[in-house]
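These notes concern the structure reproduced below.
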Amino acid sequence: MNATKLCSIDGCENKILARELCNAHYKRWRKHGDPLKGLVRRFKTVEENIESRTISKPNGCLEWIGYKDVGGYGVIQIGEIHWRVHRYAWSHEHGAIPDNMEIDHMCHNRACHNIDHLRVVTRKQNTENHQGATSRSSSGVRGVWWDEKVSKWCVLVTHHGERHWGGSHANLHDAESAAINLRNELHTHNDLDRIA
């Protein structure tokens, strides 16, 4: 299988169009004779750019108010590269993010780029740190659903791709407690479950 060839400009991850350059760098090369000339910058530094589009929240979040992607993550363009702002902030402070690792928002605010609210985690650890039930949840409680067949609240927690049964319960409060206890037993990064 052939790997996709990327632009030869450091940090650019766009596909090559011609002369080992992506479309944008190739156009600049044709116009200016240099693939890096012709960039218009409003700010002197990236940090100045980020600061101009950030508000401080009472909980300590540094919230990006510029462009956000469909997932709610702040996005900034640096040269020809589009960065998620929280990933740029982490990389700028701590260096490159290790392969196969993600940056988790401990604050659950995807627009936040306060590095004190961020941590490097695996995909599994990132999925453990949920704020609550999904929007499809009928119970409003993470890992709990109503089973019509037995007329009880049932608990199921996933860990390493395996489902772990937490029993069926007569009331929602007991089912929620069982789900939290099971997650605390199986998970390491379920912060909200551990606050209580």
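The values are calculated or read from the model by the stated rules, or taken from the named source; none is laboratory data. These numbers were taken from a predicted model, which means no experiment stands behind them. Every residue, glycine as well, gets a Cβ built from its backbone with ideal geometry; the counts of neighbours run over all protein chains shown.
Odds and ends about this structure:
- Selection count where residues are surrounded by 17 or more Cβ atoms within 10 Å (Cβ to Cβ) and touching a strand residue (DSSP E or B) at 6+ places or on another chain (Cβ under 6 Å), scope segment 88-101: 1
- Leading residue by the ranking (farthest from the chain's Cα centre (by Cα)) among those in segment 74-87 that are outside any strand (DSSP E or B) and surrounded by 19 or more Cβ atoms within 10 Å (Cβ to Cβ): GLU80
- Looking across ARG194, ARG163, ARG136, ARG142, one residue alone is free of Cβ contacts under 8 Å to residues at least 12 places away in the same chain and touching a helix residue (DSSP H, G or I) at 6+ places or on another chain (Cβ under 7 Å). It is ARG194.
- Screening ILE65, ILE76, ILE50 for residues that are of a type outside the set (Lys, Arg) and in contact with a Ser or Thr (Cβ under 8 Å, 6 or more places away or on another chain) leaves exactly one candidate, ILE65.
- Note on segment 102-157: enclosed strands (runs of 3 or more DSSP E) holding 3 or more residues that are more than 25 Å from ALA178 (Cα to Cα) and of a type outside the set (Lys, Arg) are 102-105, 118-121.
- The test for being touching a Ser or Thr at 6+ places or on another chain (Cβ under 8 Å) and either surrounded by 14 or more Cβ atoms within 10 Å (Cβ to Cβ) or small (Gly, Ala, Ser) (or both) holds for LEU172.
- Residue pairs meeting the criteria (Cβ under 8 Å; at least 6 apart or on separate chains; first farther than 10 Å from LYS5 by Cα and not assigned by TED's automatic domain parsing to the domain that holds GLU80, in segment 15-31; second hydrophobic (A, V, I, L, M, F, W, C) and at pLDDT 85 or above): ASN23/LEU17; HIS25/CYS7; TYR26/LEU17; TYR26/ALA18; TRP29/LEU21
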